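What follows is a set of notes on a single structure, which appears directly below.
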Amino acid sequence: MKARDSGGKPREYRMSVRAESAEATGERIVDAMLTRFADTPYERIRLDDVAADAGVAVQTVIRRFGGKPGLMTTVVERELGRIAAAREAAAQASVAATVEALVEHYEVYGALILKTYSEAPLVPGLVDLAARGRAYHVDWCRRTFEQHLDPSLDGATQRLRLAQIVAVCDATTWRILRADGGLTAAETTTALRAFLAPLLP
């Protein structure tokens, strides 16, 4: 027979409810930190504000994540998983469709990706996570576009082409076209396709 608490419910049920509540609290804290990070330099983010946004005490944040660096790395780890899933969905059968999906991806995640890269040195552990993100981008470009390369090219030329593709498809290129160049998302898609056309005939 299962042990029951004073309210008559099995202890396993009560423990499950507590675990779900704790998980939901953790997600609220991570969401609050992500929202703050999107608009505020990391060094100016206060845990008191994050806790207030999440509706918890600051000691709850510290107990759960160990402090601001631990919370920030948790945010980035979660978002890296989401970004990777979205990026995998962006890989299409044709180069044109892939570029369009990639721009849509950057419209959602591009600013966060670039801000994470720029502020990574300020957060213990974040440099390694940023490096993982960059390595994933290189691997995604290889897996997505290698099949479209001219098979008659020698190995050195193929490596050169792939390196160029990595640069063209980087979030920094998207930002330059969108922010510095003042292009719309559709115009950015057209520009990236034009950059890739000589590389993927």
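In the range 92-201, which helices (runs of 4 or more DSSP H) lie fully inside it and hold 1 or more residues that are under 20 Å from the mean Cα position of the chain (by Cα) and of a type outside the set (A, V, I, L, M, F, W, C)?
Because the criterion is at least 1 residues that are under 20 Å from the mean Cα position of the chain (by Cα) and of a type outside the set (A, V, I, L, M, F, W, C), the helices (runs of 4 or more DSSP H) in the range 92-201 that meet it are 95-119, 126-145, 171-175.
Of everything in the range 113-165 that's in contact with a Phe, Trp or Tyr (Cβ under 8 Å, 6 or more places away or on another chain) and more than 30 Å from residue 71 (Cβ to Cβ), which residue is surrounded by the fewest Cβ atoms within 10 Å (Cβ to Cβ)?
162
Can you pull out the residues in the range 167-185 that are surrounded by fewer than 17 Cβ atoms within 10 Å (Cβ to Cβ), within 25 Å of residue 147 (Cα to Cα) and not hydroxyl-bearing (Ser, Thr, Tyr)?
Selection gives 167 alone.
Which condition number in (1) within 30 Å of residue 148 (Cβ to Cβ); (2) more than 17 Å from the chain's Cα centre (by Cα); (3) surrounded by fewer than 14 Cβ atoms within 10 Å (Cβ to Cβ) is the one that residue 82 fails?
(2)
Just checking, which of 22, 52 is at pLDDT below 95, small (Gly, Ala, Ser) and part of a helix (DSSP H, G or I)?
On inspection, the qualifying residue turns out to be 22.
Return yes when residue 110 is surrounded by 17 or more Cβ atoms within 10 Å (Cβ to Cβ), modelled with pLDDT of 95 or more and of a type outside the set (S, T, N, Q) and no when it is not.
Numbers: surrounded by 17 or more Cβ atoms within 10 Å (Cβ to Cβ): yes; modelled with pLDDT of 95 or more: yes; of a type outside the set (S, T, N, Q): yes.
It is true that residue 110 is surrounded by 17 or more Cβ atoms within 10 Å (Cβ to Cβ), modelled with pLDDT of 95 or more and of a type outside the set (S, T, N, Q).
The values are calculated or read from the model by the stated rules, or taken from the named source; none is laboratory data. Bear in mind the structure is a predicted one, so any value in this text is a computation, not a measurement. Glycine gets a Cβ as well: all are built from the backbone with ideal geometry, and neighbour counts include every protein chain shown.
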